[in-house]
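Please treat every number below as a calculation from the coordinates, not as lab data. All figures in this text were calculated on a predicted structure; none of them were measured in a lab. Glycine gets a Cβ as well: all are built from the backbone with ideal geometry, and neighbour counts include every protein chain shown.
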Amino acid sequence: MEILIRGTVLSLILAMSCRIFYDTIADGREWRHSLTGGTVLPAFLLAFFFIAFTEIPPYLFQPVRMIAAVFIVAQIYYRIRPLQNLLLSTLFCALIWIIQMFASLLIYILYGRGGNRLWGMDEILCYGILLCLMLLFQKVYKGRDGIRAMAGESWGSFIFFPVFSIIVSVALSMLTLDGGREDGNIMLIVTAGFWLINLVAFDMMENILAGRAKAEKMRLSAERNRNQMEIYRSLQQGDECRKRQIHDYKNQLNCIRGLVDDNRTKEALRYIGQLTGSLNESIHQINTGHPVVNVLLNQKYQSAREQQISMTMTMNNLSELSLSEEDIVTLLANLLDNAIEACLKLHGDRRIQLKMVLEEEELFLSIRNPVEWEVKISGKTAAAAKEKSGEHGLGLGNVDAVIRKNRGRSTLQCQEGWFCFTAVILQPQR
């Protein structure tokens, strides 16, 4: 019974530490039922409980088992790529082993070989130190851009440290302390020094990634400002166009009046018919209930039409769309500009298919266009296989940033001569 209670308490401390670690670095997944997200701690507890009360595998498989347990639970509950998750789970387990080595050496130095009766205390001391460190880690690093970047695109530059930590920890644990407390002191200094070096390296890496994240924010801010100016220019152009049309229609009305005054009724009717046709062509037909979406789609529709590109749209009422104006412009402007640019390189079949539908708590967005060459897709970017500049995917990085910011997911596909972007963004309603 004592073993069961002890194992449960230690597993709970480990589970709490692991959850704090991942909560600080990565974003949790969105669940239909909020209670599902609250089961992350019991899931970690169950994983560590399984490790504590199952047969211990051969020595080299022990770290693999723990890393696998942390990896599986984190992959289920956190929005993180598998390779990045492997990095973080390895880092967390390496930290456990370093602290455990430190605790064992400390007990050995204080009590010598007579401390064998206290060996059970090394785990309690280790996990207690781990929990305190994770709480401190969360307080210092929670919300910092560099930490979030470790779960983002910059994770590759960080992978050296946990791998090296694993190797050193395993090597240190294999050493025997035949020289008594003197060897223990040396080992303690080596372990503490190694631990300190890793902490310094971690902080330096976080600062580097924070700088990158800041630069990325500035770039996205400049992109948003450019998109905002595009909206204003569109509104201004539309206003100027309406003024010109009003001036022209005054002249047209004067012409019709002259025909009527001269009793040239048939010519007046024919002229009115021609005028009505041109008026219908010039009136903006797109109305989604959202002013920013209307302005942008009307502008892109007119731009495509002037370049002999047909656009078919499937829309519904978007008046409840809660995305910010900047995010809407970033999404639609970049995606439609890419589609128009790709169509301009075609000799025929210039068409764009757009679907933007808001249903319940999801916004579904899809844009398809034919391409001249096969598009190579790498992650969330794309480039035409036979283009040196590879500009087909221009702005897709900004699009992906907006989707991730709004807790969405997206896919890129190129099949049978068609390039397709699809995204689902959760909770877009007010």
### In sequence order, calculated HN-Hα J values of region 290-305 (Karplus, 6.51, -1.76, 1.60; Hz; x Gly/Pro)
10, x, 5, 4, 4, 4, 5, 5, 4, 5, 5, 5, 5, 4, 5, 4
### Message
5 Å is the cut-off here: which amide hydrogens, built 1.01 Å from N in the peptide plane, fall below it relative to residue 28, excluding neighbours closer than 5 in sequence?
### Response
79
### Summary
Residues whose modelled amide H sits under 5 Å from the amide H of residue 288, counting only those 5 or more places away in sequence or on another chain, are 294
### Query
With respect to the cross-link table entries 142/405; 300/345; 345/376; 300/376; 376/405; 243/355, which display a Cα-Cα separation exceeding 20 Å?
300/376; 376/405; 243/355
#### Entry: Sites matching GluC sites (Glu not before Pro) across region 1-83 that sit in DSSP coil, with at most 16 neighbouring C-beta atoms within 10 Å
30, 55
### Förster radius 22 Å - calculated FRET efficiency between residue 404 and residue 75, Cβ distance, rounded to 0.05
0.80
